[in-house]
1. Only one of these conditions is not met by Leu700: (1) touching a strand residue (DSSP E or B) at 6+ places or on another chain (Cβ under 6 Å); (2) not in a loop (DSSP other than H, G, I, E, B). Which number is it?
2. Regarding region 369-382, can at least one residue be identified that is crowded, with 24+ Cβ neighbours inside 10 Å, touching a helix residue (DSSP H, G or I) at 6+ places or on another chain (Cβ under 8 Å) and among the small types (Gly, Ala, Ser)?
3. Quick test for you: out of Glu625, Glu590, pick the one residue that is assigned to a helix (DSSP H, G or I), charged (D, E, K, R) and either under 27 Å from the mean Cα position of the chain (by Cα) or surrounded by fewer than 19 Cβ atoms within 10 Å (Cβ to Cβ) (or both).
4. Specify which of the listed residues (Tyr644, Tyr624) is of a type outside the set (A, V, I, L, M), closer than 13 Å to Ala677 by Cα and in contact with an Asp or Glu (Cβ under 7 Å, 6 or more places away or on another chain).
5. With respect to Leu509, determine if the residue is crowded, with 19+ Cβ neighbours inside 10 Å, not in a strand (DSSP E or B) and not β-branched (Val, Ile, Thr).
6. Residue under question is Leu719, and the condition is that it be within 20 Å of Leu538 (Cβ to Cβ), surrounded by 20 or more Cβ atoms within 10 Å (Cβ to Cβ) and in contact with a Ser or Thr (Cβ under 6 Å, 6 or more places away or on another chain); does it hold?
7. For region 529-550, check the following and say yes or no: at least one residue is surrounded by fewer than 17 Cβ atoms within 10 Å (Cβ to Cβ), in the same structural domain as Arg664 (by TED's automatic domain parsing) and out of contact with any strand residue (DSSP E or B) (no Cβ under 7 Å at 6 or more places or on another chain).
8. Hand me the list of helices (runs of 4 or more DSSP H) wholly inside region 240-358 holding 3 or more residues that are of a type in the set (Asp, Glu).
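The values are calculated or read from the model by the stated rules, or taken from the named source; none is laboratory data. Everything numeric in this text was worked out from a predicted model, so none of it was measured. Cβ sites come from the backbone with ideal geometry, for glycine too, and all protein chains shown count toward neighbours.
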Amino acid sequence: MTHTVLARRRIRVGGIVQGVGFRPFVYALAREFGLAGFVRNDESGVLIEVEGDPAALSGFTASVPTRAPALAVVAEVRVDDLPPTAEPGFHILASAAGGRRGALISPDTATCADCLAELADPADRRYRYPFVNCTNCGPRLTIVTGVPYDRRYTTMAGFPMCRECATEYHDPADRRFHAQPVCCPACGPTLRCTDPAGTSLEPAGDPLAAAVAALRAGAVLAVKGIGGYHLAALARDERAVAALRARKHREDKPFALLAADLAAARRLVEVDGTAAAELTSRRAPIVLLPRRPDAPVAPSVAPGNRYLGVLLPYTPLHHLLAADLAEPLVLTSGNVSDEPIAYRDGEAAERLGGIADGLLTHDRPIHTRADDSVLRVTGGRVLPIRRSRGYAPEPLPLATPARRPVLGCGAELKSTFCLAEGGRAFLSHHIGDLENAETLRSFTEGIAHYRTLFDITPEVVAHDLHPEYLSTKYALELPGVRLVGVQHHHAHLAACLADNRATGPVIGLACDGLGYGTDGTLWGGELMEVSITGFRRLAHLETVPLPGGATAIRQPWRMAAAWLRAAHPDGELADLAVVRRQGARWTQVERLLGSDLPVPLTSSVGRLFDAVAALAGVRDEVNYEGQAAVELEQAVDPEVRDGYPMRMTDAVLYGADLVRGAVRDLRAGRPAGTIAARFHRGLAAGLAEAAAGACARTGLDTVALSGGVFQNVTLLHGLRDRLDGYGLRVLTHSRVPPNDAGISLGQVTVAAALDRA
């Protein structure tokens, strides 16, 4: 007679494993392998104990991370052997309370195929219900009010489940088992369509039909989504789009477009395989893609832009709206330019009442605002521009684990914060530009919320060196913490290292608009030897005055005056169109540059882009940050293959060489496309030569590229191709943006490494 040999294991699973269907998955897996035991949530994630045949145990253990639910992110699996207990059956136990919380919150996730099938099925009780969701999709971060992640700690707390929903919620075999936002028309949120004063616009009692009719009639609507309000208008209706642009005070910056599905997106933009995968992913970001010449959109959607930002529906409401309209819709952040997105209902009616003709809204509160995420896809690669909804608060790994909890406060533009503990960094959703009280409040409330969600109390706080940043002032006012000032461009490059799970040393190129330097000047074109613990500035773009300070950022022609003075200190410039266009204003700036008055100095590559854009007649004044550089890239003639020469001597890269080349072409009557192309190619060649030389001198073979300038894919590809040609390894961003949105992660990376050292 043979006896079955039993074995027992305890398996702890960490990561995003709560609220994503992990326990029912484990339950079904245990039954598949014929195992007994239990699974439960606890403060650290999921705890499993399984017992049975050793071979079956091995198969089960291997399957836990490889077959996990779609929304799960398995960060760690720890296995311990236990003595068998001959326990009968397998059970899902109640969540264990107590202990320090370490479980993670899932990002908000696009509607899954199963829920879409219910949404479209006339026989289903959730047919055309705008809030259908399950364990595999729906709101997460934006509805969580506290911990643990239970319904009572979400904004669904005010919607008691009906009997049918409760049955699904408590059934381990149902995909809605412990789906905290579960609801239906009988017990969940309701949709309303009103005017800004709150008066119903639903003569037939159908808010969605009323919204569609209003949009088709040329109205601008505020539409409440997962993370805040959007402003919507028909993309082909020039009058409606122009009205939206005027009311929102957004003169030129392109609007994003909602397409009903991938086929509809392909009628707007060129979609390759990588872009298709991103558009249809559970994260559902806005993807910037080359526009089709016959795209059926109004001129005011993206004036003069060769790219369009497109996204697909990611909530049931968006799916219904897009399907009923059957044509593209402008879908832009619900705010006046420079303000954070509106997300509270009363606030939205007040702030958007002067922009929107009506509101398509509902009564499920939003706790955390979250803008749409934005990517560029080019050459089969993904370049993040804004990491927010669909990504946050999914953790990023730290190459060097933090000895103590760390907070990174970020910079000023494209603000984010980052909390880190152990080997995990929680980079926040997009906050906005920290230039007004409302955005600062969003920043401070967001930090407090993340501290609660992840049970992290920072002991080390990292900040930018710029004393006037509101993020710096916030850090300096925190009591009882160790403060670590991190130079702006060191933080940029540390973020790139973190993005690539590297620690350095490497050669780094940090190119952006402006960052506070250690020598009192404003840096922005830096060649460094850098690691996560320190940097050495090896070279930089030559410094020029920033005439008028911040005014020069808004008026690129001022930078043209500064760079022309560097390139032609004794030259006659009256024949140049940029001089004639400015007239007396140019004369005033010339006098300022020639006086003894103090003027800030900058080595910024971003400001060099501004200068060349103004010289080439592309843009004299900007209406949004980086506009001149964006439009200069748009102007590039792809048929032009040569570039302006650029020298480097005495650790200085001479941008004036590029300006002299542009002036020669201007005087020869060559078009802006030629000048833009030769500038990009010359700059890429000069930066590559400088980086390769630094590698040769230091013995390093890796170059990291970071800073907002590297959102420019023409420059990025040109530089990367040249560095590849030198046989060098190139690190670029793929998970966090190269712009200032990545600064807080870089600060945390540096501060954690220094604290450990």
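1. With respect to (1) touching a strand residue (DSSP E or B) at 6+ places or on another chain (Cβ under 6 Å); (2) not in a loop (DSSP other than H, G, I, E, B), Leu700 is out only on (2).
2. Looking through region 369-382, at least one residue is crowded, with 24+ Cβ neighbours inside 10 Å, touching a helix residue (DSSP H, G or I) at 6+ places or on another chain (Cβ under 8 Å) and among the small types (Gly, Ala, Ser).
3. Among Glu625, Glu590, only Glu590 is assigned to a helix (DSSP H, G or I), charged (D, E, K, R) and either under 27 Å from the mean Cα position of the chain (by Cα) or surrounded by fewer than 19 Cβ atoms within 10 Å (Cβ to Cβ) (or both).
4. Of the residues listed, the single one that is of a type outside the set (A, V, I, L, M), closer than 13 Å to Ala677 by Cα and in contact with an Asp or Glu (Cβ under 7 Å, 6 or more places away or on another chain) is Tyr644.
5. No: the conditions fail for Leu509.
6. Criteria not met by Leu719.
7. Yes, because at least one residue in region 529-550 is surrounded by fewer than 17 Cβ atoms within 10 Å (Cβ to Cβ), in the same structural domain as Arg664 (by TED's automatic domain parsing) and out of contact with any strand residue (DSSP E or B) (no Cβ under 7 Å at 6 or more places or on another chain).
8. 345-352
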